[in-house]
Amino acid sequence: MGVEVNMVQVKKDKTGNIPPIQIALDLIDLPRAIKIAEEAVKGIVSESGDVSKAWIEAGTPLIKAEGMNAVRELRNKFPGHTICADMKIIDAGATEVEMAAKAGANVVFILGCSPDSCITEAIFAGKKYGVKIAADLISVDEPAKRAVELEEMGVDIINVHVGLDQQVLGINPLDIVSDVSRAVSGNVLISAAGGLNSQTAIQTHEAGADIIIVGGALYKAKSPEESVRKIVQSLKLGKPVETKEFLKYDREHLVEAFMKVSTANISDALHRTGELRGLKPVWVSEEPGELKFAGPAVTVRTYDGDWSAPVQAIDHAKQGDVIVVDACQGQIAVWGELATNSCRSRGVVGVVIDGAVRDIDDP
């Protein structure tokens, strides 16, 4: 027999009330996860005045690290809250739903790309043990189409999820939420996850999300409580609340992002791979940060003493570009004063050369 848990009661709400906020604990350390959850719950409840608005999720990394004990501990620590288990089930649907339900979960997450037989078994187990089944659309090629199929099978929640690796590519859940919301009948709930914060949560809610899932904006924040308060405020006000933490930058704003961090930060993010080594600036500035530049790269391959390709690159370059010349560590100059002046007139912000240059003393 499964443990008795409260059934999740959430209805489509277009009255302006804030939706539940699901605290995604995608960590591997349970004590730290519980501490973050405590702070976030405090922020949600104090700002909204409603305990039911704070859902707590044992994220997949936490479940992999701690097993069902993570769900049991969250249930014990937060007895009055909805507990979610992000199992990402793709096989043995009934068995894994039973495990999570008996540990104290109210909502169990299954992958929307799972075989239909796995999903129907999970739904059957959900009814048997009194838990809701949420289907995660991550990695689904046609989210709206699959959402309709999942609704027809009987899932309770459709989760529009843009994963971390997809977020790096600039994908956000907003458009997918809109498509899914238009496709389903309206009887199924829609949750959304994917780098949401106080600037994007309200837009996602207005696009059709009934549950807002927030992860990194909480567990990476200096104060999870203050971070989630801003999110609740944005949902109450019906407009974004500005934040400077953990922003996602699209292609048009990458230069702005790079100019905010150090070269060491970028090297760390690249796992110390891909950098050019042995280069040095040929001018010195006493102004901090004056040697720093960033922009789209116009790449050039040339050889010792051959100026033709670098000069052609200047004609191709646009304002804000950086010319990067691979001269194969040559010792004869492939760049000089005239080329530099041409770059200045075109608005090129910098030139990087793996080779030799001349006229470096000219202004």
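Between 0 and 90 degrees, rounded to the nearest ten: what's the tilt of helix 337-346 against the longest Cα principal axis of the chain?
Result, in degrees: 40.
Calculate, for ILE28 and ALA264, the FRET efficiency according to 1/(1 + (r/R0)^6) with r their C-beta to C-beta distance and R0 30 Å; round to the nearest 0.05.
Details: r = 25 Å, r/R0 = 0.85.
After rounding to 0.05, the efficiency reads 0.75.
How far, in degrees from 0 to 90, does helix 224-237 lean away from the longest principal axis of the Cα atoms of the chain, to the nearest 10?
Helix 224-237 sits roughly 80 degrees off the main axis of the chain.
Give me the three principal axis extents of the chain from the C-alpha atoms, as integers in angstrom, largest value leading.
Here the spans come out as 81, 42, 38 Å, largest first.
Which shape class, rounded, prolate or oblate, goes with region 21-237 when its Cα gyration tensor gives a ≥ b ≥ c as root eigenvalues, a/c under 1.5 marks rounded, and past that a/b bigger than b/c marks prolate?
Verdict is oblate for region 21-237.
How high is the relative contact order of region 274-354, given as a whole-number percent (alpha carbon pairs under 8 Å, six or more residues apart)?
On the way: 123 pairs, mean separation 26.1, N = 81.
Relative contact order, region 274-354: 32 percent.
Tell me the angle of helix 68-77 to the major Cα principal axis of the chain, expressed in degrees between 0 and 90 and rounded to the nearest ten.
That works out to roughly 70 degrees.
If packing is taken as the mean number of other Cβ atoms within 10 Å per residue, what is the order of 301-311, 66-76, 21-31, highest first? Let's see the in-between values first.
Values: 301-311: 15.5, 66-76: 19.1, 21-31: 20.9.
Those peptides, ordered most packed to least, come out 21-31, 66-76, 301-311.
Would you work out the charge dipole size for the chain about its Cα centre, treating the Cβ of every Lys and Arg as +1 and the Cβ of every Asp and Glu as -1, and quote it to the nearest 20 debye? The partial results should precede the final answer.
Working: 38 positive and 51 negative charges, 221 e Å.
So the magnitude is around 1060 debye.
Show which aspartates and glutamates lie in cross-link reach of LYS292 when reach means a straight Cα distance below 17 angstrom and same-chain residues fewer than eight apart are skipped.
LYS292 reaches GLU256, GLU275, ASP321.
Taking the Cα centre of region 21-237 as origin, work out the dipole magnitude from +1 charges on Lys and Arg Cβ and -1 charges on Asp and Glu Cβ, in debye rounded to 20.
Values: 21 positive and 29 negative charges, 150 e Å.
Once rounded to the nearest 20, the dipole reads 720 debye.
Too long at a 20 Å Cα-Cα cut-off: which of LYS42/LYS236; LYS53/LYS230; LYS77/LYS230? All intermediate terms of the calculation are to be shown ahead of the outcome.
Working: LYS42/LYS236 17 Å; LYS53/LYS230 14 Å; LYS77/LYS230 24 Å.
Pairs exceeding 20 Å: LYS77/LYS230.
With point charges of +1 on the Cβ of Lys and Arg and -1 on the Cβ of Asp and Glu, referenced to the Cα centre of the chain, which listed residue (ALA37, VAL184, PRO115) lies farthest in the positive direction of the dipole?
Of the options given, the answer is ALA37.
Provide the percentage of antiparallel DSSP beta bridges, counting only those with both residues in region 274-354; round to the nearest 5.
0
Taking Cα pairs under 8 Å and at least six residues apart, what relative contact order does the chain come out at, in percent? Could the numbers behind the result be given before it?
Details: 713 pairs, mean separation 44.4, N = 363.
Relative contact order of the chain: 12 percent.
Find out how many positive minus negative residues lie around ASN159, taking Lys and Arg as positive, Asp and Glu as negative, among other residues whose Cβ is under 13 Å from that of ASN159.
Numbers: positive: LYS88, LYS132, ARG146; negative: GLU57, ASP86, ASP136, GLU151, ASP156, ASP210.
Result for the local shell: -3.
Laboratory data are not the source of any read-out in this text; all were calculated from the coordinates shown. The model shown is predicted, which means the values in this text are computed figures rather than measured ones. With ideal geometry, Cβ positions are generated from the backbone for all residues, glycine too; neighbour counts draw on all protein chains shown.
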